[in-house]
Amino acid sequence: MFLAFYFIIEAFTSEKLKRGLIFGVLAGISTAGMALIWGGVLFVFFTIPLSFLFVFILGKVGKEELFIYLSWLISSFILMAPFSTRYTPKNLVMSMSTGLTIGIFLIIAFSLVIMKAKKLDGIRRKTKLPNEIFSLIVSGLVLFLIILIVFGSGFIFEQVNEIKTSLITPMTDRFGLTVAENKQPYFSNDWKENFGPVKFNIPLYFWLFFIGSVVLFNNLIKNLKKKERITLTFSYFIFLICLIFSRYSPSSKLDGVSGLSLLVYFWGWIFFIGSFGYFYYKTFQKGDFNIFKEFNFSYILYFIILTLGIIGARGGIRLIMVLGAVSPIAVAFLVVKSAKKYPQKGDDAMRLFFGILLVIVIISSVFTLWVYYQSDKMTAENFAPGYYQFQWQKAMAWVRENTSENAVFAHWWDYGYWVQSIGERATVLDGGNVIGYWNHLMGRLVLTGYQDKETMEYLYAHNTTHLLIDSTEIGKYTAYASIGSDENYDRYSWISTFLIDESQIQETGNKTTYTYSGGSSIDEDILWKENNTEIFLPKKATGIGAIILEKGKDNTILQPKAVFVFNRIPYMIPLRYAYFNKELHDFGSGLDAGVFLFPELIPLQSGGVSVNEIGAVFYLSKRTIHSNLANLYLFDQKSDYFKLVHTESNLIIESLKQQKQDVGEFVYYQGFQGPIKIWEIEYPEDIKMNSSYLETVFPDEKLTMIKPGEY
């Protein structure tokens, strides 16, 4: 990204066209390299075109600058297209980011032609608009009509809606919202935490880059008159305040989505653009338009990427890293400019005041740098593979040595690159998530699925030879169940853990009663009949307070019960299923749900651990207990189609085995610990190819959206 920006600045500021074209191509190569690595290339595809468009408005773009822009555009597209199916000619035109680069090129090219059309001079003079603005309006209208004819009005409305969504709530699809780093941050916690260190409740780095960006903007417009410079700097200050603080906290009126938040957010844009537009037009009327040509292109490019970085950080917490990459320039500028501006002569009180400010800026900057350095140093020194990573290394070694090179693995998308790079095998899904619909099908038909025909047809359509499930699928159940659900969220659920409460163990007669404490809500309404009375437990208002388990003297498990709480009233309902001692028990009656019992490791003061064989349970609702995940991974049920060929034990389990302790493959120790299991798939002889499972878009777009108020 920085290479692309550096080269495009060198290209734009080159005195000779040949040199400019060379740097333009280098910027294109850098852009293409980023495009083939990360989708964040959209920051480049937004920044460079918008920079050129803005400097065109200022009268700084001519034929040579347009050729430089074209050299960047063509070289990047030519190098991107052959190496990725994302960048087909159609996608390049239809995408909002790359389509913008093409559209701005056409607008500037048309505008340059219109500016030289003497026949339009009379009309332009009547409008009393600058030549650049007049030509932009005319060329924009021409391009709008062409798009309307070629793509239709639907395409335009779609692009406008996409821009609006990107500015307000960029992550609305199920996939985006189930990925933690896509969460929209708030200033009150996320921004403070990421732009610290926080001293006296003040995030130092945030205010350093905030003030630095205002000072940098003031330096950009330094050639304007004092009144104009003060007004525009103030409008930019208000713009930043509105942009950032309109999403302050989820509990305040400025929560990012309320009417007041949106009013503040867009009012900042209107105020800043309106202020600049007013002075732009007034300067044109006075005949001082050439003053805008003195604006520094590199400053303009920086302000656009900084603004995009703030918008990105406001939209998704993972994009804070982009703002973190570009904001140090503003901090550095603040430090250098403050030192240079320190008055050498003049009033002693004023010099003392500026001296104190300079010391505060320098100390704050050095302290921030030191804190970040220490944090990164500590992270680097302590960052090493844990037992989970070692477990994967061993599992992938088995894959390399025991599966054919043309094997294809199915699993949830998270570890696709691990299987590809460490296991050296192809996968159906991976972290690129190019085809979101396949994520939906994997979640619906394989992990949460229970209909063998649909499961097998989906896997068969993708030439899948192996299925892999690992322990983290338990915690991720909510994510892939959400993505795998229909528009009514028919698969949406979760797997909750309850731990034994030693203080409530009771021995009566020939049995012992165990109580497992925890807490969970229910995933669907429950209607239970007891003593000719119907008990209705609604899903949004009912919780599970405890699990009750009884064990006979002969070590047999009696039917478990769950304590459901609604309106503070407990209801004890028997559960039909219980998995214990490597066997799934079906009691024939009870609520269509069950529990999965597994050991808990309890650390001892001596340094060892004690094992409680029934120390932990999973509560499995009707939606989870019949899933392929439960039947294959937890219950180890025999299947006509899935043959378990490898179990890579957790390193904690391996350690216990070496100590002659057989606790099975699952244990609770600082969270759930389990194996990586791999099955070889054996398809039924009469299976047929169902090409619908190779579709790349959702048949019903409703499946990609979360309804307001849902969960």
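Considering only beta bridges that DSSP places wholly inside the chain, some 90 percent are antiparallel.
Phi angles across the range 635-644 convert, under the Karplus curve 6.51 cos²θ - 1.76 cosθ + 1.60 with θ = phi - 60°, into 3J(HN,Hα) values of 7, 6, 6, 5, 9, 6, 10, 10, 10, 5 Hz, Gly and Pro given as x. Amide hydrogen proximity for Y186: with H placed 1.01 Å from N in the peptide plane, the residues at 5 or more positions away or on another chain lying under 5 Å are W191. Remark: the range 605-614, residue by residue, has Karplus-estimated 3J(HN,Hα) of 4, 6, x, x, 9, 10, 10, 9, 5, 10 Hz, where x stands for each Gly or Pro and the curve is 6.51 cos²θ - 1.76 cosθ + 1.60 at θ = phi - 60°.
Coupling constants for the range 293-305 follow from the phi torsions by the Karplus curve (6.51 cos²θ - 1.76 cosθ + 1.60, θ = phi - 60°), and in residue order they are 5, 7, 5, 7, 4, 5, 5, 4, 4, 5, 5, 6, 5 Hz; glycine and proline get x.
With a/c under 1.5 counting as rounded, go ahead and sort the range 418-568 into rounded, prolate or oblate using the C-alpha gyration tensor (a ≥ b ≥ c being the square roots of the eigenvalues; past the cut-off, prolate if a/b is larger than b/c, else oblate). Mind showing how you got there, number by number?
Values: a/c = 2.59, a/b = 1.82, b/c = 1.42.
Judged from the Cα gyration tensor, the range 418-568 comes out prolate (a/c at least 1.5, a/b above b/c).
In percent, rounded to a whole number, the relative contact order of the range 203-287 is 24, using alpha-carbon pairs under 8 Å and six or more apart.
Here P(r) over Cα pairs in 20 Å bins from 0, in percent was computed from the coordinates, and among (i) 14, 43, 36, 7, 0; (ii) 14, 39, 31, 14, 2, 0; (iii) 15, 44, 32, 8, 0, 0 the match is (ii).
Restricting to Cα pairs below 8 Å that are 6+ residues apart, what does the relative contact order work out to for the chain? Please round to a whole percent. Computed over the chain, the figure is 9 percent.
If you count Lys pairs in the range 1-96 whose Cα atoms are under 24 Å apart, skipping same-chain pairs closer than 8 places in sequence, the total is 4.
Exposed loop positions in the chain were taken to be GluC sites (Glu not before Pro) whose DSSP state is not H, G, I, E or B and which have at most 16 other beta-carbon atoms within 10 angstrom. Between these positions, the longest stretch is 16-404.
Only helices enter the 222 nm calculation for the chain: every DSSP H run of n ≥ 4 contributes -39,500 (n - 2.57), and dividing by all residues gives -15000 deg cm²/dmol, rounded to 500. The H on the amide N of A546, modeled in the peptide plane, is under 5 Å from the matching H of V563, each at least 5 residues off or on a different chain. Between amide H atoms placed 1.01 Å from N, distances below 5 Å from V645 occur with I678, W679, E680, all of them 5 or more places distant or on a separate chain. Antiparallel beta bridges, as assigned by DSSP with both residues in the range 570-663, represent about 75 percent of the total such bridges. The calculated FRET efficiency for Q374 paired with T472, based on their beta-carbon distance and R0 = 30 Å, is about 0.45. Bridging of K116 to aspartates and glutamates at a Cα separation below 14 Å is possible for E132, once same-chain residues fewer than 8 apart are set aside.
Most simply put, the range 371-516 has about 50% antiparallel DSSP beta bridges, counting only bridges with both residues inside it. Judged by the mean number of other Cβ atoms found within 10 Å, the most tightly packed of the peptides 255-268, 78-91, 459-472 leads the ranking 459-472, 255-268, 78-91.
Between V93 and D525, the distance separating the two model label sites (each 7 Å from Cα on the Cα→Cβ line) works out to 5.1 nm. Within a straight-line Cα-Cα reach of under 20 Å, K688 can be paired with the following aspartates and glutamates, leaving aside sequence neighbours fewer than 8 residues apart in one chain: D452, E454, E457, D640, E680.
FYI, it's all coordinate maths here, none of it is from the lab. These numbers come from a predicted model, not from an experiment. Note that we place each Cβ from the backbone using ideal geometry, even for glycine, and neighbour counts take in every protein chain shown.
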